Amino acid sequence: MYPPLNIMNRLYFDYNATTPIAQEAWAAVEEATHIAYANPSSVHQNGVAAACVLRTARKSIAECFRVHEDEVLFTSGGTESINTVFHSIRKCLPEKKEIITTAIEHSSVLKVCRDLERDGYKIHYIGVNSKGAIDLHSLESALNPRTAVVSVMHANNETGVLFPVAEISSITKKFGVLLHVDAVQSAGKIRFSMDDLGADYVSLSAHKLYGPKGIGALWIRKKAPFYPLLLGGSQEKGRRAGTENVAGAAGFGAAVRIMDRQIEADVDRLTYLRNFFEKEICRRIPGVVIHGDESLRIPNTSNLGFDSVDGELLVTALDHAGISVSMGSACMSGAHQPSHVLTAMGLGESTGRSAVRVSFGRQTTLAEVEVLINQLEKCVIQMRGFHAGLPLSKVQEGVL
Ligand code: PLP
């Protein structure tokens with residue numbers, strides 16, 4: 001039934017790829033699966049019970065982000081939410097054929113933009129500086145009467161760098177242009193309300209915040225242009241056809257309630273662990289750079305580059321040592337290309353290829369971080385030894 005892998009004793013530092021489901025969220029999924037199994041569109045009592053579970057989940061999300069529950073649309077995850085926004089724009093504003101985004105967005109935005117380019121859209125990809133910060137002047141100069149939407153991420157999935165979304169919102173408002181924020185990586189990691197972002201659309205995903213996979217949400221500001229991506233039944237007030245994922249929504253709602261309760265404590269703990277990790281790594285290993293460290297970041301993410309070390313080999317070496325980290329975006333793994341995020345930050349190909357992403361989460365302990373530091377030091381020393389052509393015996397002694 002399960003792959004024959006023993007993952008129980010491994011150390012997991014890839015929370016930006018996905019998080020383990022919280023116990024309370026899993027209990028909500030189980031309960032809804034067994035008890036609220038009916039179709040929420042059915043008029044009988046079983047259906048009403050399922051609709052009630054769905055409503056409670058929607059209410060939890062609305063309360064946490066300080067919006068009206070009618071503005072929360074359940075989707076299958078971040079990717080669908082993002083695709084829904086661009087589809088709405090395409091359908092509702094056909095005369096506006098320009099879109100502004102950034103060079104470091106997630107592939108779910110960039111691939112849609114490439115597709116729109118093939119359909120004649122002009123896409124402005126705003127650059128970032130070496131710290132991962134967006135060039136707001138370029139963004140403002142790209143705005144014009146043909147701009148349909150500005151789409152930016154809140155936190156970058158590879159570096160954790162935060163964009164100043166409120167500032168971007170004041171620019172888009174000045175020009176009367178719609179704003180979509182991909183908050184998939186920031187939701188659950190820092191507290192914000194939809195008003196803080198000042199957007200018209202915000203994409204969220206449950207599995208990044210200790211909820212189940214296969215469920216997400218799109219917040220749509222009242223009166224913002226909207227056209228459904230999925231056509232069929234009249235679920236979600238006609239905005240997304242298909243029988244709702246009631247159990248997934250229940251788990252999402254529970255995960256958001258936990259987050260609402262403990263996000264400040266999580267932020268404090270993760271900031272401490274991340275800072276300890278980065279300080280120790282820089283103290284113990286020469287030739288380390290932390291990408292985006294001078295910018296405002298979400299508290300759980302470190303993106304590090306090591307001189308003369310191939311990031312992919314380092315990820316593999318750590319994997320053999322029982323430690324899971326990643327090279328960047330999980331969606332880009334296997335692409336064998338330097339990260340588009342680090343490339344946009346102006347890092348050369350070899351620096352880009354040397355990067356690994358470490359992302360901490362609720363279950364991460366200080367003792368685990370210490371093991372990670374020791375193993376990283378060992379692997380980096382060994383890999384540099386091989387790189388320098390030292391004989392195996394010297395490499396094993398850990399000679400730099
Ligand atoms: N946006 C960002 C910034 C992400 O990191 C991800 C997933 O990694 C997505 C969108 C896509 O979310 P999902 O996996 O829920 O489709």
**Study point:** Largest-first principal axis extents, alpha carbons of segment 76-161, Å
**Key:** 36, 34, 19
Study note, to complete from the structure: Quarter of the surface of the C-alpha convex hull for segment 180-255, i.e. direction-averaged projected area in nm², equals 5.3
Exercise for review: Given a cut-off of 20 Å, name the pairs among 208/237; 59/174; 91/111; 91/223; 111/223; 173/223 whose C-alpha atoms lie farther apart than that in the structure shown.
Suggested key: 208/237; 59/174; 111/223
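For residue 136, what is the net charge nearby, where nearby means another residue's Cβ is under 13 Å from its Cβ and Lys, Arg count +1, Asp, Glu -1? Could you put the intermediate results ahead of the total?
On the way: positive: 174; negative: 135, 140, 167.
Local charge sum for residue 136: -2.
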Practice item. Among the aspartates and glutamates, select those whose C-alpha is under 14 Å from the C-alpha of residue 97, and discard any that sit fewer than 8 residues away in the same chain. Key: 115, 117, 119
Review point. Could you give the angle, 0 to 90 degrees to the nearest 10, between helix 165-175's Cα long axis and the longest principal axis of the Cα atoms of the chain?
Key: 50
Study note, to complete from the structure: Of 107-113, 219-225, ordering from highest average Cβ density within 10 Å down gives 107-113, 219-225
Study note, to complete from the structure: The aspartates and glutamates whose Cα lies under 15 Å from the Cα of residue 279, excluding any fewer than 8 residues away in the same chain, are 293, 294, 370, 377
Check your understanding: What is the sum of charges around residue 315, taking Lys and Arg as +1, Asp and Glu as -1, for the other residues whose C-beta is under 11 Å from the C-beta of residue 315?
Key -> -3
Exercise for review: In square nanometres and to one decimal, what's the mean projected area of the convex hull around the Cα atoms of the chain?
Suggested key: 20.8
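How do 267-276, 34-43, 21-30 rank on mean C-beta neighbours within 10 Å, highest first? Don't jump to the answer; show the numbers that get you there.
Numbers: 267-276: 16.5, 34-43: 14.6, 21-30: 18.8.
Descending mean neighbour count gives 21-30, 267-276, 34-43.
Of the listed peptides 11-17, 305-311, what is their order by residue-averaged count of other C-beta atoms within 10 Å, with the highest listed first? Spell out each step's value before the answer.
Working: 11-17: 21.9, 305-311: 20.1.
Per-residue Cβ counts within 10 Å, averaged per peptide and sorted highest first, yield 11-17, 305-311.
Each reported figure results from applying straightforward, stated rules to the coordinates on display, with no laboratory input. As the structure is a prediction and not an experimental result, all values here were calculated from the model. All Cβ positions, even for glycine, are placed from backbone atoms using ideal geometry, and neighbour counts span all protein chains on display.
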